[in-house]
Each structure stands twice: as C-alpha cells, then as structure tokens.
Ligand SMILES: *Cc1c(COP(=O)(O)O)cnc(C)c1O
C-alpha cells in the first residue's frame, strides 16, 4: 500500500506490486480537490470495520463508478487534460526522463557544493523532493529569505526537519531548476567565508 501523492505520474511504476495506491492530485496531476485510488479488486470484497463512514469506504465509490455523490467534476476534467498532455509528450517514460534530468542537475550541484549538503543517502533520493542544509540554521534561514526575494519560493524545509526542500514536481520546468542552481551558486560564493566548520 502506498501514498503516492508526491510522485503520482512522475515515472512508470508497476501497479501490480501494490494492493492499494492512493494520492491527492494536487502535486503532479491537477487542482486540489480530488484523490485517485487504485485498488486491487479482492481488497474491496470484504466489508470494512462497522464504524467506517459510507464516504470513507472505497467500496462505496467502486460500486457506484465513483458517482455515489456528485464528485468534483471540474477537478476531474482538469486531471483529464493533464492525462492527455502526458500521453501527448510520450507518457510516463518521457515524464521520468524529464524528472531525472531535473533532479540530476540539482543533486550534482549539491554533491560538489561546499556550502550545501543533501540530507538523503544517494540510493534513497527522491526525484520530486530534494532536501538539503548548510549545517547552520542562520544561513539556512537567510538562504530561504533571499531565494524568495529572487522569486524562488517555498524552499523552507518541512517544519519537523528544518533545512530546505526544493519540490521538483512534474509542472516544474528544467529552466526552473537551472534558475535555482544558479542562485545557489551565487549564494555560495557570497557566503564562502561563512562556510566550513559546521558542515562536516
Ligand atoms: C503532500 C503529501 C500529502 C498531503 O498533501 P496536502 O497537500 O498537505 O494535503 C500526503 N502524503 C504525501 C505522501 C504527500 O506527499
């Protein structure tokens, strides 16, 4: 079972490996307000726990063809547009190629940077969310602030872990990542005196 909200349609996956996939569409697919569920038929056979509300029971949706109540039609329509666009560019293979290229640009900069450091082991790195730190909370905060003044917004890391997080969802173009890396290089040069001690 997987919550695929962050990586939905970012690359091909083997759906057969999962009993259930679910995700909000708001990151890679369409406007907020829809959830897509892919569930193996045998998992829908049994009744859920008696306390489960009708509207939180996947069986309700499966039996009524997702039309038990009036769904968010506009959201579904917009998702349909994105599905067609994806098919038009060459499907998930092409989307994956673009996402790999975007992530590689940022990770290869991080791997040689003396100021910034990626926070995830290489083999576990995400194509969608790239997390990094400088090792110094004040410099992190200044980076986030100056980046946002330069049009690079929402780089502040998750409130639980701090640091920075760059989201490279499907809609982010390669040029956007290039702009971020250019800015990080500039910031690194300007802050080269502040570096070292904390990083290692
Ligand atoms: C983003 C995300 C959520 C929650 O999405 P919201 O936009 O905060 O509602 C849940 N699970 C995963 C894996 C996500 O990436």
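Which of the helices (runs of 4 or more DSSP H) contained wholly in segment 65-169 include at least 3 residues that are closer than 15 Å to residue 180 by Cβ?
Output list reads 91-112, 137-149.
A quick yes/no check of all residues on (1) under 20 Å from residue 5 (Cβ atoms); (2) more than 16 Å from the ligand (Cβ to nearest atom); (3) without any contact (Cβ under 8 Å) to a residue 12 or more places away in the chain:
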site	(1), (2), (3)
57	no, yes, yes
92	yes, yes, no
106	no, yes, no
134	no, yes, no
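What residue, among those in segment 141-161 that are within 17 Å of residue 115 (Cα to Cα) and touching a helix residue (DSSP H, G or I) at 6+ places or on another chain (Cβ under 7 Å), is surrounded by the fewest Cβ atoms within 10 Å (Cβ to Cβ)?
For segment 141-161, the residue satisfying everything is 146.
Out of curiosity, is residue 12 more than 14 Å from the ligand (Cβ to nearest atom), at pLDDT 95 or above, within 30 Å of residue 175 (Cβ to Cβ) and part of a loop (DSSP other than H, G, I, E, B)?
yes
Among residues belonging to segment 15-31 that are part of a loop (DSSP other than H, G, I, E, B) and surrounded by fewer than 17 Cβ atoms within 10 Å (Cβ to Cβ), point out the one that is nearest to the ligand (Cβ to nearest atom).
26
Does residue 34 meet the test of being within 16 Å of the ligand (Cβ to nearest atom) and either surrounded by 13 or more Cβ atoms within 10 Å (Cβ to Cβ) or in contact (Cβ under 8 Å) with a residue 12 or more places away in the chain (or both)?
Considered against the rule, which asks whether it is within 16 Å of the ligand (Cβ to nearest atom) and either surrounded by 13 or more Cβ atoms within 10 Å (Cβ to Cβ) or in contact (Cβ under 8 Å) with a residue 12 or more places away in the chain (or both), residue 34 comes out as yes.
What is the one condition in (1) away from the ligand (no atom under 12 Å from the Cβ); (2) part of a loop (DSSP other than H, G, I, E, B); (3) closer than 30 Å to residue 130 by Cα that residue 5 does not satisfy?
(1)
The values are calculated or read from the model by the stated rules, or taken from the named source; none is laboratory data. The shown structure was predicted, so the numbers you read here are calculated from the model rather than taken from an experiment. Backbone-built Cβ (ideal geometry, glycine too); neighbour counts: all protein chains shown.
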